Structure formats: structure tokens, C-alpha cells
1. Could you work out the percent of alpha carbon pairs in the range 64-200 separated by over 27 Å, rounded to a whole number?
2. In nm², what is the average projected area of the convex hull enclosing the Cα atoms of the range 48-125?
3. Using only the Cα atoms of the range 326-372, construct the convex hull and provide its projected area averaged over every direction, in square nanometres to one decimal.
4. So what's the Cα pair-distance distribution over the range 300-383, bin width 10 Å, in %?
5. Among 338-348, 257-267, 292-302, how do they line up by average Cβ neighbours within 10 Å per residue, starting with the highest?
6. Can you give me the pair-distance distribution of the range 1-48, C-alpha pairs, 10 Å bins, whole percents?
7. Could you work out the equivalent-ellipsoid semi-axes for the range 264-418, taking the square root of 5 times each eigenvalue of the Cα gyration tensor, largest first, in whole Å?
8. Divide, for the range 280-349, the radius of gyration over alpha carbons by 2.2 N^0.38 Å, where N is the residue count.
Amino acid sequence: MNVMRKPVSVSDAIVKVLAHARLSQHETVPLGAAYGRILAEPIIAKQDVPHFNRSAYDGFAIRSVDSIGASGINRISFRIIDRIGAGHVAKAPLAEGEAVRLMTGAAMPEHGDAVVMLEQAEVSEPVFTIRKPFQPYENVSLQGEDARVGEELIPSGAFIHPGTIALLATFGYDRVRVARKPIVGILATGTELLEVEDELVPGKIRNSNGPMIAAQLARLGIESRSYGMLADDLDACYETVVQALSETDCLITTGGVSVGDFDYLPAIYERLGAEVLFNKVSMRPGSVTTAAVAQGQLLFGLSGNPSACFTGFELFVRPAMMKMMGSQKPYLPYAKAALTENFLKANPFTRFIRAVYQATPNGALVTPAGFNKSNAVSSIARGNALIVLPGGSAGYEAGREVDVLLLGVEEGSAEWVL
Ligand SMILES: Nc1nc2c(c(=O)[nH]1)N[C@H]1C(S)=C(S)[C@@H](COP(=O)(O)OP(=O)(O)OC[C@H]3O[C@@H](n4cnc5c(N)ncnc54)[C@H](O)[C@@H]3O)O[C@H]1N2
Ligand code: MOO
Ligand SMILES: [Mg+2]
């Protein structure tokens, strides 16, 4: 095996992966199941919102013209001819000096063009007086002020969050066209691996990457299919990879991608006739992250080292999954924050430091999340962000503003800015 590998930059690696991230058929789901999915159709206003002029307050609908000249010493009086709550319409149009007592959301009566709030009226049923004039449309929610029929409000490819659900419901979408979710397989390789419930024995460790990747996918709303754990055995791993590829849209493996004697993923890609897009990225951790394509399907060979595995997923698998689901915002959201402590290690490669990002009244701060080597698991548990230190730097001092990628944010970014 050739142990010398040619590294690609992080951004080139992302471009290569995204060029092969395709799906996406669509499916229709009930509105109640649409949260967290990606829209496969734009939301176009099916009616004006609101679709009738309505009162913005609890009060009295009047004709504004009747209020001209009202003041503290010249109170103008109105006669209440009807009383309606939201959901009702007044029985008759307003004539001069008439008012309808109506509640927030109730349709304005014909000829009514202003609302006197209850607090602005001195009421003595069946009349009330006012001490100021009202402008046309004062305290009225106008038809179409929120959205106009035919207007494209949300593009296809948008993440469906609770606000999107509200809009869909407003227009009567009881079913929504969304991108189909990819079916993603996970296979952990390593003779040293134990099941989570197993007792530790010398030389062995529990498989933490498998459950971690399943949760990283779950965070994107994707259910995974586990192919369990396999010992480092070329034939057995190859067979499982072939089976997994026949049952999934994409396969993620962990471990066995480096140059060790029992790192069989490179041989598996060769046997599959897969095109290896890259097998070395100029980053730490995750330098051994590999991506390959076999018969149009993406295979991600993530590192066995937990922090490297985690970072490889967030940087490369995540945008690919989002693109496969038609997302317009596949990238991790980006922020700037001030480093709270020195990080003085030199960085020949781009370095991704698991970190805690915190917005404070004095600006955003970011703190490395502790033990930060590729094999670290504690810092991925503590972190909610990745600090990005560019390659070629000599480290950074506390107070310095640094680039940060935010983890676990529902909606990503449309651009990769680093
Ligand atoms: N001579 C070289 N050695 C190594 C290189 C190199 O370039 N030349 N790269 C190093 C880097 S960087 C990393 S990262 C690791 C990557 O190793 P592999 O991806 O091949 O993974 P393994 O060898 O299978 O395991 C590495 C490490 O991770 C532990 N592991 C594996 N699977 C899991 C799992 N499911 N859950 C938790 N931990 C896991 C495994 O026990 C090892 O400790 O290679 C360096 N070596
Ligand atoms: O792939 Mo490694 O994580 O750079 O230590
Ligand atoms: Mg290895």
C-alpha cells in the first residue's frame, strides 16, 4: 500500500463531496410530520394574509371621518349598533356616528376604517365618546399587509422550522412536498471494539463512534441503519460494505482508513472499483478522512479517532446530507468570537478545536473545550462549536478574534466562508 498521500484543502474536499451529493426524490408528508424536513416546493401565498381587513385591538370600529375634530374639550360620541368577536362579521354597514364593538381579529364592518381601543373610549352603553381624531386605517390590520396572493414567500430548499409550519398551515397545506431523506448506513470497524453494554477488557474499547454518528445524523433529521461493528477483516468488511451499499443511499464507516496494517478501507475501495475523491485533508483532526464514490453512491471513511470522526462528519458528511435533501443552506453556520485563553500550538494544517461558544452582552466568546487531540472524546461532549485556526499560524493569544463554526444549529449557512 502506498503510505504517501496527497492532501487536499478543506474547502476543496467539501467541493468534491458536494459534486457527488445527489438525490433527491420528493415525497409528500402530512403537515404534522413536516417539521425538520426540507421544502421541495416554494411556499406561494394562496390568499392575501390577512384575507380581510380586521381589528388589531379590542375596541370599536368607526368611520374615521366621524372622528375629525375630536379633542379633550370636544368629545365626539358614537352609538354602538352591534357587538362581535373574532370569527364574526357585523350585520350591517356603519352609518354616520355609528360604531361596532368588536374584538381583536374580528372583520371590520363595511365603511368602518378605524378602531378606537377600549382604553381610548369612555363608554356608557349604548354610546361612547372619544377625545382624539382617528386616522384612516388606524388600529386596523389591512388585507394583504403580511402577504399578497401569488407572492413567493419561502423558496424550495428551505428548512421547515416552526415558523414555516405556521405559514404552511395559514395557506391550508395539510400535506407538504418535502425532499426524501437519504438512507444512511453506519459501519464501525475495529477488532478492538466492544458493544456499549460490554465490560471493558484489556486492549478493547467501547464503540463510541457508531452511536455518535447515528446521533449526528439524527440531528439532521436522518435515521440511520446500523451495520454494527466488524473486526478488522478485509473479506468480512468488504462483504458488509457491498451489502450496505445495496441497501442505502450513502455509507459511513469509521476506523481503518489510515495506513496501518489492519486499515482495510483503502483496499475495500479498490476492490469496489470506487473512485477515491480524497484520502487526506490538510486539517487536524480528521486528516485521514476519506470520501469515495461507488456507482454514484458516496462512501465516507471517517477516522476511528473520535474527535477526528466527529469533525469529519460535521465538515463533509453534514453538507452532503443537506444537499442530498435539497437544502439551500448546507454548511455549518459561521461566527466570529474572541478567544478566552491562549492557544499557542503551531498549526501546520487547518485546525478544528472543539470549543464552547457563548454569546455574552460584551460579544461572543469561545473557549477550547479541554483535551483536544484527535483521540479525545471528552472535548466533543463539552463542545458546541469548532474554532477554526488556519494552517501556517503559530497559535493564537487570548482576546484574539477567531473563526467559529457553530454545531447543532437547525438551519445551516448558504455559504462556506472559510
Ligand atoms: N503512520 C501513520 N499512522 C497514523 C496516521 C498517519 O498518517 N500515518 N494517521 C493518524 C491519524 S491522523 C489518525 S486520525 C488515525 C486514524 O486511524 P484510522 O482511521 O485508521 O482508525 P483506526 O486505526 O481504526 O483507529 C484509530 C483509533 O480510533 C479508535 N477507534 C476506532 N474505532 C472506534 C470507534 N468506533 N469508537 C471509538 N474509538 C474508535 C481506535 O481504537 C484507535 O485508537 O491514525 C493515525 N495513525
Ligand atoms: O485524522 Mo487525524 O485526526 O488528523 O489525528
Ligand atoms: Mg488505523
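Derivation of every value follows stated rules applied to the coordinates shown; laboratory data play no part. Remember, it's a predicted structure, so these values are computed and weren't measured experimentally. Please note: Cβ atoms are built from the backbone with ideal geometry, for glycine as well, and neighbour counts cover all protein chains shown.
1. Summing the P(r) of the range 64-200 above 27 Å gives 51 percent of all pairs.
2. Seen from a random direction, the Cα hull of the range 48-125 projects 5.1 nm² on average.
3. 5.0
4. 16, 40, 35, 9, 0
5. Descending mean neighbour count gives 292-302, 257-267, 338-348.
6. All Cα pairs considered, the percentages come to 16, 27, 24, 17, 11, 3, 1.
7. Working: eigenvalues 167, 67, 31 Å².
After scaling each eigenvalue by five and taking roots: 29, 18, 12 Å.
8. 1.32
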